[in-house]
Amino acid sequence: MAVFSRYEVVGKMSDTGMVPLFYHADVELGKQILKACYQGGARVLEFTNRGDFAHEVFAELRKYAAKELPELALGIGSVIDAGTAALYMQMGADFIVSPMLVEELALVCNRRKVLWSPGCGTLTEINRAHELGVEVVKLFPGGNYGPSFVKNIMGPCPWLSIMPTGGVSPTEENLKAWFGAGVTCVGMGSQLIGSEVFSKKDFGGLEEQVRAALALIRTIRRK
């Protein structure tokens, strides 16, 4: 069962402004990634469902987070069907993320009151997602659309909550453009947790990068 309600997860997304995401088959390495991001200030993290037996890795990470990282909302990404969503919810996923809008996921997630964030690419899809009860819509792939797309749709629809993923980097220029356009938060994968983090096991460096990115987001929002 989820540790945090959908509203608590949305609050964490909005408060911190960033959702780090990654996949790795090594459980112990995954724990170090979670710990580094948490110590850097992250309070929401997405593990992606991309490799064989990913659910077994997630189960161990969920147990670890519940015990050692009590304020971390841990969710699962790359979910494209209701059966997979139900499997991860049984393992305690705090939220479900999809690369596309699959309406059956709204039913299974809403039934358990678990946050679902589908990937959308048009204003019609985003509107439909909100009709289905989605609190934060994932703009994916974000780099294909850019901050100008968000700014243009927020004009007639200022109530939208958007989380671009893909094409987001922890630089002042990039983050300033996205938050200036009106996004609620950003999802950040390889630009934050890159291959060197895994190969060199530079968890201290990752912690500092997460801390710096979150500080930058706070500064941008205050302006």
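Every read-out reported here was derived from the displayed coordinates using simple, explicitly stated rules and does not represent laboratory data. Everything numeric here is computed off the predicted structure, so don't read it as measured data. Cβ: placed from backbone, ideal geometry, glycine included. Neighbour counts: every protein chain shown.
Counting other Cβ atoms within 10 Å, which chymotrypsin sites (Phe, Trp or Tyr not before Pro) in the range 1-64 have at most 12 and lie in a DSSP loop?
Values: sites: 4, 7, 22, 23, 38, 47, 53, 58, 64; in loops: 4, 23, 53.
Here the sparse-neighbourhood loop sites are 53.
Pull up all non-local amide H partners of residue 167: gap of 5 or more, or a different chain, and H-to-H distance under 5 Å with H placed in the peptide plane.
Amide H neighbours of residue 167, under 5 Å, 5+ apart: 143.
Which trypsin sites (Lys or Arg not before Pro) in the range 46-146 pass both tests, a DSSP loop state and at most 12 other beta-carbon atoms within 10 Å?
On the way: sites: 50, 62, 63, 67, 111, 112, 113, 128, 138; in loops: 50, 112, 113.
Here the trypsin sites (Lys or Arg not before Pro) that fit, given the DSSP loop and packing criteria, are 50, 113.
Considering Cα pairs under 8 angstrom that are at least six residues apart, work out the relative contact order of the range 1-119 and quote it in whole percent.
Values: 202 pairs, mean separation 34.9, N = 119.
Value for the range 1-119: 29 percent.
222 nm [θ] for the chain, helices only, -39500 (n - 2.57) per DSSP H run of 4+, per residue, to 500? Please report the intermediate quantities before stating the final value.
Details: 10 runs with 115 residues, N = 223.
Counting only the DSSP helices, I get -16000 deg cm²/dmol.
Beyond 16 Å, how much of the Cα-Cα pair distribution for the range 6-82 remains, as a whole percent? Could the numbers behind the result be given before it?
On the way: 1350 of 2926 pairs.
When all Cα pairs of the range 6-82 are counted, 46 percent exceed 16 Å.
Pairs of Cα atoms under 8 Å, at least six residues apart: use those to get the relative contact order of the chain, whole percent. Before the final figure, lay out the partial values.
On the way: 411 pairs, mean separation 51.3, N = 223.
Contact order relative to length: 23 percent.
In whole Hz and in residue order, list the ³J(HN,Hα) couplings for the range 114-126 that follow from phi through the Karplus curve 6.51 cos²θ - 1.76 cosθ + 1.60, θ = phi - 60°; x for Gly and Pro.
9, 4, 10, 10, x, x, 10, x, 9, 5, 5, 5, 4
How charged is the neighbourhood of residue 183? Take every other residue with its Cβ under 12 Å from the Cβ of residue 183, and add Lys/Arg as +1 and Asp/Glu as -1. Don't skip to the answer; put the middle values down first.
Details: positive: 138, 151, 176, 221; negative: none.
Every neighbour counted, the sum reads +4.
For the chain, modelled as a GNM with alpha-carbon contacts under 10 angstrom, which of 93, 85, 25 fluctuates the most?
Of 93, 85, 25, the Gaussian network model singles out 25 as fluctuating most.
Checking a compactness column here: for the range 67-155, what do you get for Rg(Cα) / (2.2 N^0.38 Å), N being the number of residues? Spell out each step's value before the answer.
Details: Rg = 13.8 Å, N = 89, 2.2 N^0.38 = 12.1 Å.
Cα-based Rg divided by the globular estimate yields 1.14.
For residue 12, go through the lysines and keep the ones whose alpha-carbon is under 28 Å away, minus same-chain ones fewer than eight residues off.
Candidates past the 8-residue exclusion: 31, 35, 63, 67, 113, 138, 151, 176, 201, 223.
For the range 65-167, run through the chymotrypsin sites (Phe, Trp or Tyr not before Pro) and keep only the ones in DSSP coil with at most 11 other Cβ atoms within 10 Å of their Cβ.
Hits after loop and neighbour filter: 159.
Amide H of residue 18: which non-local residues (sequence gap of 5 or more, or other chain) have their own amide H closer than 5 Å, using H built in the peptide plane?
186
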